[in-house]
Structure formats: C-alpha cells, structure tokens
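The values are calculated or read from the model by the stated rules, or taken from the named source; none is laboratory data. Quantities reported herein were computed from a predicted structural model and do not represent experimental measurements. All Cβ positions, even for glycine, are placed from backbone atoms using ideal geometry, and neighbour counts span all protein chains on display.
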C-alpha cells in the first residue's frame, strides 16, 4: 500500500508538470471561462455585466504550476548573471 502511494505521487506530479508545459493556461474557476458574469435584464434577456476580477475578462488564468515554474526560472536567471 505504501509503495503504491509512493509511486503514485511522483507520477501525478510528473503528469501535472507535463500539463503545465503543454497547456499553461486553464479556465478561470470564478467565471467558468466566460470572462464575466451573465445577468438578466428586466425583460429576461441575458446581458454581460462587468468583467471577472480574477481573469480580467479573458476567461483564462495561468496555472499554479506554470506560475511556480516561471518564478523559479526567473530566480535562476537572476542568480546566474
């Protein structure tokens, strides 16, 4: 049991690393990729409200793993100059 979980954790981390490398942007969880909330006007027709604050209306956000990779790359680059 312990060996299975020991092998599963590095495999999951490797999979997430590959996901962040292949697709660095993920769908915004707050607006579900719409870029803002959809509200109804008084007649019941949908209209766009203000843009999402998390993704600034883009609908996509940088993944946490990609953000960590970029930060570590910046630190390495600054230290080797």
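Could you check how many residues of segment 22-34 are surrounded by 10 or more Cβ atoms within 10 Å (Cβ to Cβ) and either more than 22 Å from residue 70 (Cα to Cα) or over 12 Å from the mean Cα position of the chain (by Cα) (or both)?
Looking only at that region, the number is 5.
Cβ-Cβ under 8 Å, sequence separation 6+ or interchain: first residue in segment 4-24 and at negative phi, partner in a loop (DSSP other than H, G, I, E, B). Which pairs?
From residues that are at negative phi, the pairs are 19/63; 20/63; 23/63; 24/63.
So if I check each of 49, 78, which one is at pLDDT below 90, out of contact with any helix residue (DSSP H, G or I) (no Cβ under 9 Å at 6 or more places or on another chain) and farther than 24 Å from residue 15 by Cα?
The unique qualifying residue is 49.
What's the number of the only condition in (1) more than 14 Å from the chain's Cα centre (by Cα); (2) at pLDDT 90 or above; (3) not in a loop (DSSP other than H, G, I, E, B) that residue 37 fails to meet?
Every condition holds for residue 37 apart from (2).
Of the residues that make up segment 68-77, is at least one under 12 Å from the mean Cα position of the chain (by Cα) and either surrounded by 10 or more Cβ atoms within 10 Å (Cβ to Cβ) or outside any strand (DSSP E or B) (or both)?
yes
Criterion first (loosely packed, with under 11 Cβ neighbours inside 10 Å and under 17 Å from the mean Cα position of the chain (by Cα)) does residue 57 satisfy it?
No; evaluated as a whole, the condition is false for this residue.
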